[in-house]
1. Starting from residues that are within 29 Å of ALA634 (Cβ to Cβ) and among the acidic types (Asp, Glu), keep the ones in the stretch 490-508 and report whichever is nearest to the ligand (Cβ to nearest atom).
2. Suppose we filter the stretch 29-58 for residues that are assigned to a loop (DSSP other than H, G, I, E, B) and surrounded by 15 or more Cβ atoms within 10 Å (Cβ to Cβ); how many remain?
3. Name, by its number, the condition in (1) assigned to a loop (DSSP other than H, G, I, E, B); (2) free of Cβ contacts under 8 Å to residues at least 60 places away in the same chain; (3) not small (Gly, Ala, Ser) that does not hold for PRO608.
4. In the stretch 566-589, which residues are part of a strand (DSSP E or B) and either closer than 19 Å to GLU616 by Cβ or not acidic (Asp, Glu) (or both)?
5. Would a scan of the stretch 573-595 turn up a residue that is among the acidic types (Asp, Glu) and in contact (Cβ under 8 Å) with a residue 60 or more places away in the chain?
6. Given (1) among the aliphatic types (A, V, I, L, M); (2) touching a His at 6+ places or on another chain (Cβ under 6 Å); (3) assigned to a loop (DSSP other than H, G, I, E, B), where does VAL257 come up short, assuming only one miss?
7. Kindly indicate which of LEU386, LEU435 is hydrophobic (A, V, I, L, M, F, W, C), in a loop (DSSP other than H, G, I, E, B), touching a residue at least 24 places away in the same chain (Cβ under 8 Å) and surrounded by fewer than 23 Cβ atoms within 10 Å (Cβ to Cβ).
8. Can you spot a residue in the stretch 182-197 that is farther than 19 Å from MET271 by Cβ, touching a helix residue (DSSP H, G or I) at 6+ places or on another chain (Cβ under 6 Å) and surrounded by fewer than 24 Cβ atoms within 10 Å (Cβ to Cβ)?
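The values are calculated or read from the model by the stated rules, or taken from the named source; none is laboratory data. All values derive from a computational prediction rather than experimental measurement. FYI the Cβ positions are ideal-geometry reconstructions off the backbone, even for glycines, and counts take in every protein chain you see.
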Amino acid sequence: MSEEDVRGDGGLEARLEEQETFEPPAEFVEQANVTDESIYEQFEQEWPECWERAADFLEWEQAYDEVLVEDDAPTYQWFTGGKLNASYNCLDRHVEDGRGDAVAIEWEGELGEQRTYTYAELLAEVNEFAAALRELGVEEDDVVTMYMPMVPELPIAMLACARIGAPHSVVFAGFSADALATRMNSSDSEYLVTCDGYYRRGDALEHLSKANEGLTDVEHETSTVVVDRLGDDVEHDLGADQYDYDELVAAHEGETVEPVTRDAEDMLFLMYTSGTTGKPKGVKHTTAGYLAYTAWTSHAVLDLEPEDTYWCSADIGWITGHSYIVYGPLALGTTTVMYEGTPDYPDKDRFWEIVDDYDVDVFYTAPTAIRAFMKWGAEYPEKHDLSSLRLLGTVGEPINPRAWKWYYKHIGDEQCPIVDTWWQTETGGHIITTLPGVCDMKPGAAGPGLPGIDVRVVDAAGEEVDAGEAGYLSIDKPWPSMLRTLYRNDERFIEEYWTEYSDPEADEWVYFPEDGAKIDDDGYITVLGRVDDVINVSGHRLGTMEVESAIVGTQGVAEAAVVGGDHEIKGEAVYAYVIPEDGYEGGDELEDEIVDNVVDAIGPIAKPEEVVFTPELPKTRSGKIMRRLLEDIASGNELGNTSTLRNPEVVEDIQRQVQGE
Ligand code: PRX
């Protein structure tokens with residue numbers, strides 16, 4: 001019997017397993033937006049003017065004078081002198097071009113309800129809500145917070161803010177009340193748009209009480225708008241300074257609001273993200289560079305055309321949703337799909353049903369979802385016609401070659417290129433990935449830096465490492481959608497991103513993304529994961545310090561160390577090693593309190609996979625906790641030499657507990 005027979009699939013699986021590079025399918029290349037491989041060279045030669053090509057995706061009220069101003073490096077300025085409005089660019093101009101009846105948003109609720117917004121309809125509601133926000137007192141440059149699940153009113157609120165020049169700060173709905181309050185306090189945000197609730201696995205989940213709880217910790221006066229998502233399923237009362245979204249919009253029916261003229265460098269939004277220290281960082285993105293770059297990468301990497309139906313399954317509460325559900329696709333006039341719920345409700349084929357129903361052309365998701373799909377089995381996608389798909393994408397964490405190949409075969413039917421896109425909240429848009437109509441694909445390796453992006457893999461001294469060797473990512477030239485600063489914290493901005501490899505004396509600035517990576521001879525980069533105290537749970541970024549401070553706040557806890565350990569589906573999971581205080585027992589009761597505190601401080605995504613009680617944490621002789629060792633224990637890896645520890649005897653005990661002995 002041949003190996004093919006044994007495998008029972010005609011050898012396809014075996015061939016895929018061995019194959020290391022994949023050419024983009026000819027049919028895809030024929031229609032791709034970018035096919036000329038000289039684009040890399042052109043961008044290099046024309047840098048920074050190459051970025052005019054990104055700016056050309058936008059309509060400007062006033063042309064910019066300069067592409068890049070480096071005077072205040074590393075706070076770079078892009079397209080200075082230019083004036084524009086992001087909401088105008090995502091809505092009005094398409095309607096003016098006669099595409100008012102084209103679909104902007106296809107929304108599907110978890111229970112199966114569908115709502116379609118054409119560009120004209122979306123523009124009308126954005127106008128009405130913008131008028132309502134103004135009436136509530138929102139002025140240009142006021143920060144408006146949104147704490148909302150995946151309902152169409154979220155992008156509507158974002159675009160309404162963009163229309164009146166009020167930066168938005170979207171807080172992921174899965175975050176806790178505390179997390180909301182911290183962010184509203186940090187940005188002095190006096191306005192909140194939230195929602196009564198949403199559906200998860202068929203149940204109506206109440207959300208407003210969480211928002212209200214957060215508001216009690218906000219240190220200044222606030223006004224709140226509440227979207228009624230649940231109707232009669234869950235009743236809610238509005239407090240003082242709380243307004244019903246539908247009533248506000250109805251009161252402003254038919255009104256239009258002139259888009260406010262914004263400078264290229266005016267803030268478009270803030271997005272809080274986790275870093276090494278306990279306090280979340282307010283990443284500031286500006287109008288022109290961000291919008292130009294997300295439109296350009298939506299065109300070049302996601303290959304979007306106005307006629308496409310495109311679905312990114314991320315949540316708008318994270319940067320992926322901002323850049324590649326809302327701004328990039330709408331700037332190009334594409335149809336963007338939004339889905340409220342989970343991939344396994346009512347059954348594990350929900351995503352494929354959506355692809356089939358809406359004839360999705362381009363689909364973008366996270367490796368953590370792909371790993372779950374693999375586990376559930378190919379019979380779910382096989383139930384549906386996925387032949388509308390032309391291109392697939394992944395984002396958020398490394399994808400291993402097995403998951404890549406499964407996605408390629410079972411979702412893309414070997415007909416769709418896959419773009420594995422590496423980027424960050426801070427980068428605003430894609431940085432490392434293949435151009436799908438130009439490059440071969442190497443499963444596991446994200447690809448080279450995009451045209452115009454100078455990304456390298458360096459050692460601790462900032463010198464480029466040899467091919468195949470592990471090092472750190474660095475980005476040596478600025479790019480239009482880079483963060484401009486950390487909100488009201490320029491010092492931390494420099495410290496976090498620019499101290500590692502830069503030479504301030506020589507005014508040479510190198511951006512440090514805090515990721516490990518290796519580079520092959522052909523320039524393809526494999527991203528290995530974070531090198532700071534940030535972990536990536538199901539593609540969601542969490543600071544271990546944030547989790548630790550929640551744990552240490554629990555009565556009966558003396559000390560805690562939190563690390564990420566490998567997890568089959570989530571990629572990484574939270575492992576907490578905890579020393580109980582004298583007089584306290586490390587048992588179920590304390591564990592429950594710890595878990596509750598973490599959920600209250602951050603949200604359910606930060607829930608520890610395991611809480612391990614120990615009388616001591618492994619420490620070096622100088623008293624530093626050996627986090628690497630704790631990570632290896634959590635991941636079940638071989639442990640290296642532990643004899644240099646001050647207390648090697650604790651290791652075995654901890655290991656035994658994690659292994660469940
Ligand atoms: O470690 C990298 C990982 O996600 C981090 C950024 O997280 P966040 O700011 O939440 O943005 C996620 C969505 C853009 C990075 O520092 N990461 C993101 N994409 C990839 C990735 N790791 C490997 N491969 C990727 N494609």
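1. Looking at the filtered set, the residue picked out is GLU496.
2. So in the stretch 29-58, the residues assigned to a loop (DSSP other than H, G, I, E, B) come out as 32-38, 47-48, 56-58.
So of that shortlist, the ones also surrounded by 15 or more Cβ atoms within 10 Å (Cβ to Cβ) come out as 32-35, 47-48, 57-58.
Residues meeting the conditions: 8.
3. (2)
4. HIS567, GLY571, ALA573, VAL574, TYR575, ALA576, TYR577, VAL578, ILE579, PRO580
5. Checking the stretch 573-595: not a single residue is among the acidic types (Asp, Glu) and in contact (Cβ under 8 Å) with a residue 60 or more places away in the chain.
6. Failing condition for VAL257: (2).
7. The unique qualifying residue is LEU386.
8. There is no residue in the stretch 182-197 that is farther than 19 Å from MET271 by Cβ, touching a helix residue (DSSP H, G or I) at 6+ places or on another chain (Cβ under 6 Å) and surrounded by fewer than 24 Cβ atoms within 10 Å (Cβ to Cβ).
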